[in-house]
1. Quick check for me: using +1 on Lys/Arg Cβ and -1 on Asp/Glu Cβ, what's the dipole size of region 122-170 about its Cα centre, in debye to the nearest 20?
2. Using 1/(1 + (r/R0)^6) with R0 = 35 angstrom and r between the beta carbons of GLU261 and ARG150, what's the FRET efficiency to the nearest 0.05?
3. Once you charge only the Cβ atoms, +1 for Lys and Arg and -1 for Asp and Glu, what is the size of the charge dipole of region 106-206 about its Cα centre, to the nearest 20 debye?
4. Most exposed first by the Cβ proxy, i.e. fewest other Cβ within 10 Å, how do PHE258, PHE38 rank?
5. Let me know the shape class of region 200-256, please: from the alpha-carbon gyration tensor, a ≥ b ≥ c as square roots of the eigenvalues, rounded when a/c is under 1.5, otherwise prolate if a/b is greater than b/c, or oblate.
6. Give me the extension gain from GLU130 to ALA205: residue separation times 0.36 nm, minus the current Cα-Cα distance, reported in nm with one decimal.
7. Taking neighbour Cβ counts within 10 Å as the exposure measure, how do MET72, MET118 sort from fewest upward?
8. Enumerate by residue number the GluC sites (Glu not before Pro) in region 144-226 meeting two conditions: DSSP loop (anything except H, G, I, E, B), and at most 10 other Cβ atoms within 10 Å of the site's Cβ.
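What follows is calculated from the coordinates using simple rules that are stated; it is not laboratory data. Nothing here was measured: the structure is a model prediction, and the numbers come from that model. With ideal geometry, Cβ positions are generated from the backbone for all residues, glycine too; neighbour counts draw on all protein chains shown.
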Amino acid sequence: MTDFWNFVVLTLDSGVDLTVGRLVLTGLAGVFGLGFSFYFSKLIGRRLIRSSRISADASQVIQRLAFYLFIMMVVIGVLSLLHIPVTAFAFLSGAVAIGFGFAAQNVISNLISGWLLMTARPVRIGDFIELGDVTGTIERIENRSTLIRRVDGAHVLVPNSQMLENTLTNWTLVDRDIRTKLTVGVAYGSDVNRVREVLEEAANAHPLTKEVPPPVAVFEDFGDSALVFELFFWVQVSGERELRLVRSDLRFEIVRRFEQEGIVIAFPQLDAHLDSSRPIQVQLQSSDGKNKRSGDKQ
């Protein structure tokens, strides 16, 4: 065992012998160093998140910087155990970097875009965004992609470069105030002033609607079968689901208040006009299914 442990596998130009024992110890040091880097970087991220003085985005950036710093220290330590100078990899690293750059342009682009997203912070974890046909909440910003949870619950991975290159709507970048509206039609003959008052009162009564700016009911149009009103109001929510629930609550409340006030919600109606200037032919059908002509009615 001693002979095997001290068996020389390779002799470097510097005269250092790489034995089996040294290679095994170096491999173990690398594995433990990798585990140490992963564990302590995660620990740092969790500690930073628990402190309310730093956001989730900033803690994620610091966690990744700490991980790469630990990995760099592990690599330097492993090379020191092998007595290999770092300068010996200068030429090789340059050639690898050039080849890697040509072969992985998209990967590098997404990687740089990911760092820009985490430092410039045009979007943050928890923001509600619209990107093309994707609408949802950002759950995680990785090195190459951003994880978005759509309003229907599905998770979508979007390359980081698309987050910067395409037009992106961030509903919660500055605050969580969102303006929305409801459309309701009332029957002709309704008291339009009272309709406006009831709509605004219903919006003000909801706990999630904002008082400033106040809800506004607008007489939008004379419809075919209804007087059309639109209720505009601001709410403070974190996503589409809460916004739909607020609109649903207001619809229930509006129906209840309209019933109390005697206001009828309109529905499509058609009036049939008969030409009475000419006789109208009427046919009666007997129980045996035969049609009997009964004559013309004036």
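1. Dipole of region 122-170, to the nearest 20 debye: 160 debye.
2. 0.30
3. Approximately 240 debye in magnitude.
4. PHE38, PHE258
5. On the way: a/c = 1.98, a/b = 1.67, b/c = 1.19.
Prolate, since a/c reaches 1.5 and a/b exceeds b/c.
6. Here the answer is 24.0 nm.
7. In increasing order of surrounding Cβ atoms, one gets MET72, MET118.
8. Those that pass, being in a loop and sparsely packed, are GLU211.
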